[in-house]
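Right, one structure below, let's go through it.
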Amino acid sequence: MLKKGNFLLMESSEFQGWLQQQKITRLINKLQVHHTWLPNYSTRRNQDHFKALEGIRNTHLANGWTGTGQNITVFEDGKIAISMDRDLNQTPAGIRGANTGALCVEIIGNFDVGGDRMTDEQKQAVLHLYACLAIKLNIPVNTNNIVYHAWYTASGQWIGDYVQGRSSKTCPGTNFFGDGNTRLAAAQGFIPAVKAEVMRIQMGGDEPMTESEKKRVDDLQATVDAQAKWIEAEKAKANMECPSWAKTAYEYYKPYIADSKGSYDFWRQLVINYRKEAGIKVQS
């Protein structure tokens, strides 16, 4: 752990112990997720960590801010930096109009499609950091409390997902964690991974997961994936075009129907009504 200028730099393995010693005096109920875009992996080559941090700070000061915008920075080699001029008890300048009650984490890199591919060291440090913060601050690990910058408009209005043309930015990147920046991508990839790290910490800290623990994590991921697929299927069934098996009934009732879309249950009931009127019985 090394303090220099306006920053404290540490290994990710030191973060949990450091965090446990911190006294948090403000309410924090949201953890923001950002990528820096600049600096990125290319600009960071052979660059001193503190030089990169002071460069970010100078850019933020030039914007008229009082100091570094983020509370915490995660480097590509897994090192974690704390902004001493924007410590955990100070409101960040992360998302315009939506910083109260939030903590801002900037992840070094450009994680848009075609940009940087996150290193394993950085990925593990990111998961460990969010898990430690969630435990310390008693923050639920979900997409309401761990939020991407892309889920807000430029004015800070919450839209709850990345919507091209409405979202303020693509941040933390259209290929963040290899999944993307949508809420569904977070729910399927990033959030379950943070939950798994929370579980690992709570079940034994730095000890590697056992095979049974790994299986529990894998089972949790499989459950999340299955639920996501089921939700998408249910959404599709809620407003589907007339299916082929209901075409005859649809043509019969067409003068009384506003359009060719309806739920699965609607089309099923339409077919039953048609069979009843036409005297068609289903053979048992």
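The values are calculated or read from the model by the stated rules, or taken from the named source; none is laboratory data. The model shown is predicted, which means the values in this text are computed figures rather than measured ones. Glycine also receives a Cβ, built like all others from the backbone with ideal geometry; neighbour counts cover every protein chain displayed. Each accessible area value is taken on the protein alone, full model and side chains, heavy atoms only, with ligands, DNA and RNA left out. Shrake-Rupley method; radii C 1.70, N 1.55, O 1.52, S 1.80 Å.
For the reader, a short list of remarks on this structure follows.
For every residue, the table says whether it meets (1) polar (S, T, N, Q); (2) modelled with pLDDT of 85 or more; (3) on the phi > 0 side of the Ramachandran plot.
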{"site": "Ala238", "(1), (2), (3)": "no, no, no"}
{"site": "Ser244", "(1), (2), (3)": "yes, yes, no"}
{"site": "Tyr253", "(1), (2), (3)": "no, yes, no"}
{"site": "Ser260", "(1), (2), (3)": "yes, no, no"}
{"site": "Tyr264", "(1), (2), (3)": "no, yes, no"}
{"site": "Trp267", "(1), (2), (3)": "no, yes, no"}
{"site": "Arg275", "(1), (2), (3)": "no, yes, no"}
{"site": "Ala278", "(1), (2), (3)": "no, yes, no"}
{"site": "Ser284", "(1), (2), (3)": "yes, no, no"}
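- Residues that are in a loop (DSSP other than H, G, I, E, B), farther than 20 Å from Ala134 by Cβ and not acidic (Asp, Glu) do occur in the range 182-199, at least one of them.
- Here the range 47-67 is the region considered, the condition is being within 18 Å of Lys4 (Cβ to Cβ) and free of Cβ contacts under 8 Å to residues at least 12 places away in the same chain, and the residue that is most open to solvent (accessible area, probe 1.4 Å) is Lys51.
- Among the residues of the range 146-195, the ones that are touching a Phe, Trp or Tyr at 6+ places or on another chain (Cβ under 6 Å) and closer than 16 Å to Lys123 by Cα come to 9 in all.
- Residue match in the range 21-28 (condition: within 21 Å of Ile201 (Cβ to Cβ) and β-branched (Val, Ile, Thr)): yes
- Scanning the range 142-168 for residues that are surrounded by 15 or more Cβ atoms within 10 Å (Cβ to Cβ), more than 14 Å from Ile28 (Cβ to Cβ) and under 15 Å from the mean Cα position of the chain (by Cα) returns Thr143, Tyr148, His149, Ala150, Trp151, Tyr152, Asp161, Tyr162, Ser167.
- Hits in the range 23-46 - residues which are open to solvent by less than 60 Å² (accessible area, probe 1.4 Å) and either over 23 Å from the mean Cα position of the chain (by Cα) or over 20 Å from Met84 (Cβ atoms) (or both): Ile24, Arg26, Val33, His35, Asn40, Tyr41, Arg44
- Residue within the range 120-141 that is of a type in the set (Val, Ile, Thr), touching a residue at least 24 places away in the same chain (Cβ under 8 Å), more than 20 Å from Phe176 (Cα to Cα) and assigned to a helix (DSSP H, G or I) present: yes
- Check on Leu220, over 30 Å from Ala193 (Cα atoms) and open to solvent by less than 90 Å² (accessible area, probe 1.4 Å): no
- Filtered by the rule that a residue be under 18 Å from Val126 (Cα atoms) and not aliphatic (A, V, I, L, M), the range 93-112 gives Gly94, Cys104, Glu106, Gly109, Asn110, Phe111, Asp112.
- Test: Ala258 is among the small types (Gly, Ala, Ser) and open to solvent by less than 60 Å² (accessible area, probe 1.4 Å): no
- Among residues of the range 153-179 that are under 17 Å from Thr36 (Cα atoms), those with a beta-carbon under 6 Å from a residue that is open to solvent by 30 Å² or more (accessible area, probe 1.4 Å) and of a type in the set (A, V, I, L, M, F, W, C) at least six positions away or on a different chain give the pairs Ser168/Ala154; Thr174/Val113; Asn175/Val113.
- Failed item, numbered, when Ile201 is tested on (1) open to solvent by 50 Å² or more (accessible area, probe 1.4 Å); (2) within 30 Å of His34 (Cβ to Cβ): (1)
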